[in-house]
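What follows is one structure encoded as structure tokens, with my remarks underneath.
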Amino acid sequence: AALDTRMLHEASQTDAALFDRLCPTKDGKKKFANIMFARLKKLGITKTDPSELTDEEKSKFVRLDIDPATITWNRVVDLNDRALRGITIMQGPEEERIAGQYNAKHIQRQTKFDISVSSEIMAILALATSLADLRER
């Protein structure tokens, strides 16, 4: 659900709006949280002051550009409800309003619930040795 929310925000907000949410102004100044420096480093951005970022660097920083086809783990529910094995998400009136307002075409998507108990999920995560192994299990 968090990934879908992030994709909705990226589809419906400008780079500047996303940047303001990630780096809010406090006491008249923007500041990166310590955890953000790892992302900046991964992106090849060495600046430590948010005000020094170019528009292109801000865009790279705030957008994850998640491809829904690459999402490995679906939603999981601990009950056997076959109707949930194939669903379409982001169909609510608020999502439709946002999609129309921002011309966001890819908000709705097909997904599914994996039916499993949490102990099985934890065992798979604990035993997986790589992403390929996780997908196979």
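Identify all residues within segment 16-73 that are small (G, A, S) and in contact (Cβ under 8 Å) with a residue 12 or more places away in the chain; write none if there are none. Hits for segment 16-73 are A16, S51, S59.
When the helices (runs of 4 or more DSSP H) confined to segment 1-71 are screened for residues that are open to solvent by less than 80 Å² (accessible area, probe 1.4 Å) and closer than 25 Å to A132 by Cα, those reaching at least 3 such residues are found at 2-12. Say whether the condition of being open to solvent by 100 Å² or more (accessible area, probe 1.4 Å), outside any loop (DSSP other than H, G, I, E, B), in contact with a helix residue (DSSP H, G or I) (Cβ under 8 Å, 6 or more places away or on another chain) and farther than 23 Å from A1 by Cα is met by at least one residue in segment 98-118. Looking through segment 98-118, none of the residues is open to solvent by 100 Å² or more (accessible area, probe 1.4 Å), outside any loop (DSSP other than H, G, I, E, B), in contact with a helix residue (DSSP H, G or I) (Cβ under 8 Å, 6 or more places away or on another chain) and farther than 23 Å from A1 by Cα. For beta carbons closer than 9 Å, sequence separation of 6+ or different chains, a first residue in segment 121-137 that is more than 17 Å from R75 (Cα to Cα) and assigned to a helix (DSSP H, G or I) and a second that is hydroxyl-bearing (S, T, Y) and at pLDDT below 85, the qualifying pairs are L131/T72.
Test R75 against the criterion of being closer than 29 Å to E120 by Cα, in contact with a strand residue (DSSP E or B) (Cβ under 6 Å, 6 or more places away or on another chain) and of a type in the set (D, E, K, R), and give yes or no. Yes; evaluated as a whole, the condition is true for this residue.
Which count do you get for residues in segment 27-72 that are at positive phi, modelled with pLDDT of 95 or more and under 17 Å from the mean Cα position of the chain (by Cα)?
0
The values are calculated or read from the model by the stated rules, or taken from the named source; none is laboratory data. These numbers were taken from a predicted model, which means no experiment stands behind them. Virtual Cβ from ideal backbone geometry, glycine too; neighbours counted across all protein chains shown. All accessible areas refer to the heavy atoms of the entire protein, side chains included, with ligands and DNA or RNA removed. Shrake-Rupley method; radii C 1.70, N 1.55, O 1.52, S 1.80 Å.
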